[in-house]
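So that we are looking at the same thing, I have put the structure below in structure tokens.
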Amino acid sequence: MPWNRRHLLTVEDLSIAEIDQIHATAAVFKKQLQHSVKKLPALRGKTIVNFFLEPSTRTRMAFEMAAKRLSADVVSLDAASSSTQKGETLRDTAQNIQALNADLIVIRHSASGSPLYLSRILNIPVINAGDGSHEHPTQGLLDTFTMKEHLGSLAGRKVVILGDILFSRVARSNIHALTKMGAAVTLVGPSTLVPDWFTDFGVTVAHDLKTALADAEVVMLLRIQHERQAASHFPSLGEYTGMFGLNKTRASWLNPKAIIMHPGPINRGVEIDSDLADGSRSVILEQVSNGIAIRMAALYLCSGGQPELVEAG
Ligand code: CP
């Protein structure tokens with residue numbers, strides 16, 4: 001099946017076939033980089049602009065490394081150094097980036113829907129690197145890619161996402177990817193951060209940690225997204241950790257082979273104890289590494305590349 005999508009805005013938009021194509025393309029890139037050259041020629045002559053209006057370590061660096069490994073030129077622009085500080089609108093800034101001959105724009109923005117808006121006013125592909133609490137599609141794709149590497153098919157697998165679901169774009173992208181892939185998803189945390197209406201997404205909502213974690217094959221921790229919370233959603237961080245932080249005792253309730261995930265950044269000692277984050281069941285740094293291959297796949301496919309041509313290099 002050919003790849004026909006120009007923009008990568010949400011996982012919700014993607015079919016299961018498209019998710020499989022991104023994963024398969026990323027797997028080929030990962031293998032090629034492990035076994036042969038450090039750089040592939042696929043995007044030689046293209047210019048990718050990373051436009052990040054919110055802080056980022058992993059996503060921004062992974063997009064930059066992915067673009068460079070595909071031989072593209074990369075230009076990065078952030079909030080502090082862009083003329084948005086002088087009152088320029090998102091529309092004007094984006095149209096100027098396009099006028100400067102960018103071939104693709106990767107955007108992170110605090111406002112949900114910003115990437116969709118840009119996709120409607122620009123003539124170049126747009127990739128969402130996280131928009132408000134809406135979606136973070138490449139994170140959901142790299143997380144499910146990592147799960148598949150450990151578990152094989154995700155159909156019927158119990159995956160628990162624990163923490164601040166309400167404000168998490170990572171949770172939403174994972175929920176869409178996992179439910180399309182047939183996983184049994186449980187969301188758990190305080191009812192203020194895991195409201196019951198999330199059941200509309202085809203998942204189970206739970207507030208009792210022991211029941212939720214029982215026999216889970218994957219647990220994904222999420223930090224508290226203070227930057228999006230106008231009011232407090234629990235009495236104190238200490239009380240949150242006391243009730244919902246993952247520690248050794250609580251991790252023993254998981255399936256013995258369960259993997260522990262976190263999209264980062266981690267707040268050690270709040271949502272997860274350090275010995276678990278650094279322990280043998282943690283795949284947190286594998287998620288980060290897989291972020292390069294997934295972003296290579298996203299850049300390649302949205303630039304007009306076809307999955308079946310990747311192997312030819
Ligand atoms: N997971 C994630 O989006 O991390 P950054 O905010 O560091 O990019």
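The values are calculated or read from the model by the stated rules, or taken from the named source; none is laboratory data. In this text the structure is predicted, and so the values were computed from the model without any measurement. A quick note on method: Cβ atoms are made from the backbone with ideal geometry, for glycine too, and the neighbour counts reach across all protein chains shown. Note: accessible area is taken over every heavy atom of the protein model, side chains too, but ligands, DNA and RNA are not part of it. Shrake-Rupley method; radii C 1.70, N 1.55, O 1.52, S 1.80 Å.
As a test of understanding, state the convex hull volume per residue of segment 77-191 from its alpha carbons, in Å³.
131
For segment 137-287, which whole-number percentage of the solvent-accessible area (1.4 Å probe, protein heavy atoms only) is attributable to carbon and sulfur atoms?
Using a 1.4 Å probe with all protein chains present, segment 137-287 comes out at 54 percent carbon and sulfur.
Right, another one. Taking the Cα of Glu239, stepping 7 Å toward and past its beta carbon, and measuring to each backbone N in segment 194-224: which are under 16 Å?
Counting backbone N atoms under 16 Å from the label point, the list is 194.
Okay, moving on. What would the Debye equation give as log₁₀ I(q)/I(0) for segment 183-256 at q = 0.13 Å⁻¹, counting only Cα atoms as equal point scatterers?
Rounded to two decimals, the profile gives -0.41.
Moving to a separate point now. Suppose only helical runs count, i.e. DSSP H with n ≥ 4. What mean residue ellipticity at 222 nm does that imply for the chain under -39500 (n - 2.57) per run, divided by all residues and rounded to the nearest 500 deg cm²/dmol?
Helices in the chain give a 222 nm mean residue ellipticity of -11000 deg cm²/dmol.
Now for a separate question. When averaged across all projection directions, what area in nm² does the alpha-carbon convex hull of segment 137-287 cover?
7.9
Using a Gaussian network model on the chain with a 10 Å cutoff between Cα atoms, which of Gly242, Gly87, Gly132 fluctuates the most?
Of the options given, Gly87 has the highest mean-square fluctuation.
Still on this structure, I have one more. Based on C-alpha coordinates, I'd like the Rg and Dmax of the chain, in Å.
19.2, 56
Considering the zone a paramagnetic label at Arg5 would reach in this model (a point 7 Å from Cα along the Cα-to-Cβ line), which residues of segment 60-84 have amide N under 13 Å from it?
Of the residues in segment 60-84, none has backbone N under 13 Å from the label point off Arg5.
Probe of 1.4 angstrom, ligands and nucleic acids ignored: what's the accessible area per residue over segment 88-234, in square angstrom?
I get 35 Å² per residue for segment 88-234.
Do me a favour and compute the ellipsoid semi-axes for segment 1-130 from its Cα gyration tensor, root of five times each eigenvalue, largest one first, whole Å.
The answer is 26, 18, 14 Å, longest axis first.
Right, another one. Going through the cross-link list Lys30/Lys158; Lys30/Lys257; Lys148/Lys210; Lys30/Lys148, which pairs have a Cα-Cα distance over 18 Å in this structure?
Pairs exceeding 18 Å: Lys30/Lys158; Lys30/Lys257; Lys148/Lys210.
Can you tell me which of Asn255, Asn128, Asn174 moves the most in a GNM of the chain? Springs connect C-alpha atoms under 10 Å apart.
Maximum among the listed residues: Asn255.
Using only the heavy atoms of the protein chains and a 1.4 Å probe, how would Thr241, Thr144, Thr204 rank by accessible area, largest first?
Thr204, Thr241, Thr144
What whole-number value in Å² describes the accessible area per residue of segment 252-299 for a 1.4 Å probe?
39
Separate question: On a straight-distance basis, which aspartates and glutamates could pair with Lys46 in a cross-link, Cα separation under 19 angstrom, same-chain partners fewer than 8 positions away excluded?
Here the aspartates and glutamates satisfying the reach criterion relative to Lys46 are Glu64, Asp73, Asp103.
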